[in-house]
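The values are calculated or read from the model by the stated rules, or taken from the named source; none is laboratory data. What you see is a predicted model; the values in this text were computed from it and never measured. Counting neighbours? That spans all protein chains shown, and the Cβs are built from the backbone with ideal geometry, glycine included.
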Amino acid sequence: MKDVLASLPALNERYSMFSCIASGADTEEPKFLFSAKDNLTSKDMETKCGSRILEGYRPAFDAAAVEKMRQYGGRLIGKNNMDGFGFGTFSTNSAFGVPKNPFDLERSCGGSSGGSACAAAVIEDHVSLGVSTGGSICCPASFCGVYGIAPTYGRVSRYGLIDYGNSLDKIGLLSSDPAALAEFLPVISGKDPRDPTSCAQPPLDLKGKRIGSVAVPEEALKGISKDVLSAFESSLDILRSMGVEVKRVSMPSLKYAMPAYYILATSEASTNLARYVGMRYGRQDGDLSLGFDDYFTSFRSEYFGDEAKRRILLGTYTRMAGFRDRYYAKALKVRLHVISSYKKVFEDHDAVLTPTMPFAAPKFEDISKMTPVESYSADFLTVPANLAGIPHLSVPCGYDEDGMPIGMQLAAAHWAEGPLLTFAEEWGSAFDVRRPEVPL
Ligand code: GLN
C-alpha cells in the first residue's frame, strides 16, 4: 500500500484523476485504500465538487459513505476529479483538471464520476465512491472498462453529498474487481437518520436469486455505434452460454426519459445552486463594497462554470410560473411512466439489459465540437434507470478496434442489487476483462 501512496503524485500527473491527494501517513496500516468523488464531504481534505466556487471549502464532517468506509478500515487517498456539480458526461466540465482515459490519454474517462472510474482502472485493488444522478457511475465505468454499480435510490445515505438533483442522486461504487462491489455495497448501505430519504431496506442478498433472464429493449439498440452493437451482440451469446435467457422487448417510454431527466435534474439543480453566493462554503472573495444583489451576481458570474450557468438557466425556466406545467409537471408524469414500464418488464424478467453508452470513450477534440444537446443525448441509455431509482450495474463487455472498452448495463427491480452483484462476479469469470497498461 505504501507503494501506491508514493506513486499517487506521478499517477495523478499522468491521469488527473484526483483534485486532492491525502497527505501524511497513518500510524496504523489501513485494511484497504479508497477514493471518493469530490462531491462527497471529507474532513481532512478540501471538497470542491469540480467547481471554483467551492475552492477552499473544508467540511467539518465526513459524508456518511466516506465515514462508513473509514470505519470499515479504509484509508481515503484522494478526492476524485469530476464535472462541476456532476453536470456532464465526459468530466470535461471540471475546474481542477480533466481525468484522462487510462486506455488512451487523448480520450475521456466519461462523467461525471470520471476520476473515480480512472482510479478504479489504474490503481490495483482499488475501490472508489461515485455518485449517479443520471448515469454518472455507469457511463465512466463503461468508458474506463471497470465495474460500476448505482444502487436503489435510498439504499445509501446522501448525508454529506453535495446535492445535484435530490430526488435522483445515488452514491455507488466503481472497481476493476467485481467482488469489491459486493464487499463494499453492504458497508455503505443503510438507513441514516441524518438523511430522511435513506430507507429502511431489505438486506443485500448475495446468496439468493441469480439473473436468469434479461429483457433487451429494441429502443436501446437504435442510434448506437457499430462497435458497441457488435460487442453487445457477442455478449448476448456469452450470456446464453451462461444459461441466461435473453428476450427482446419493447419499452417505448425509454425515448422520453432523456428529455424528462434534463428537465427534472436541472429544475432541482437550479434550486440547489442558489446557496452558493460567496457567503458560506469555500470562496468569499468578491467585492464586498457592492450591495447584496450585485455581490451575489458578480460572484456567481465569476466562479460558476459555463455548464452550471446553463443548468441554472434551464432549471429556472422549467420551474417558472406559466411554464411549470408544460415542463416540470409533464416531466414528472414521464418519470412515472418510465417506472411503470420497468415494473411491467420485471414481472417476467430479472433485468433490463442495454449497452451502457452508445459509443466508446470519445476523443477530447471530438467532445469539444459537441453541442450541449448532443452531449445530453449520449445519456439516453443510462438516464431511464436513474429516473426510476432502480439499481443498475455496468460491466465491461467488449473492446472496439482501437482497444477502447465497451460496457453493458443491467437494471434490476428496486432493492434487487443482490442478483446484480452476483451477476458481476459470474460475468467476471465468463468474460476476459482487459486492464490498461500503467507505465509507472
Ligand atoms: N450526464 C448527466 C448530466 O449531466 C448525468 C450526470 C450525473 O449523473 N451526475 O446530468
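Of the set (1) near the ligand (Cβ under 10 Å from one of its atoms); (2) of a type outside the set (D, E, K, R); (3) under 9 Å from the mean Cα position of the chain (by Cα), all apply to Gly114 but (1). Tell me which residues, restricted to segment 272-309, are assigned to a helix (DSSP H, G or I) and surrounded by 15 or more Cβ atoms within 10 Å (Cβ to Cβ). Result: Asn272, Leu273, Tyr295, Phe296, Phe299, Arg300, Tyr303, Glu307, Ala308.
Looking only at residues in segment 152-201 that are within 16 Å of the ligand (Cβ to nearest atom) and among the small types (Gly, Ala, Ser), the one that is nearest to Thr266 (Cα to Cα) is Gly165.
Of Pro203, Pro259, all but one fail to be of a type outside the set (D, E, K, R), over 23 Å from Cys397 (Cα atoms) and not in a helix (DSSP H, G or I); the exception is Pro203.
I'm checking my understanding of the structure. Among residues of segment 348-388 that are away from the ligand (no atom under 13 Å from the Cβ), closer than 25 Å to Ser167 by Cα and not β-branched (Val, Ile, Thr), which one is surrounded by the fewest Cβ atoms within 10 Å (Cβ to Cβ)? By that ranking, first place goes to Asp350. Condition check for Thr197 on (1) over 22 Å from Val345 (Cβ atoms); (2) of a type in the set (Val, Ile, Thr); (3) buried (at least 17 other Cβ atoms within 10 Å of the Cβ): one failure, at (3). Taking segment 15-31 as the range and being modelled with pLDDT of 95 or more and over 22 Å from the mean Cα position of the chain (by Cα) as the test, only Lys31 passes. Only residues that are touching a helix residue (DSSP H, G or I) at 6+ places or on another chain (Cβ under 6 Å) and buried (at least 19 other Cβ atoms within 10 Å of the Cβ): list them for segment 335-347, please. Within segment 335-347, Arg335, Val338, Tyr342 qualify. Checked against the criterion of being part of a helix (DSSP H, G or I) and aliphatic (A, V, I, L, M), the candidates Val246, Val228 yield just one match: Val228.
Look through segment 355-391, keep the residues that are in contact with a Ser or Thr (Cβ under 9 Å, 6 or more places away or on another chain) and among the β-branched types (Val, Ile, Thr), and return whichever of them is farthest from Val216 (Cα to Cα). The residue in question is Ile367.
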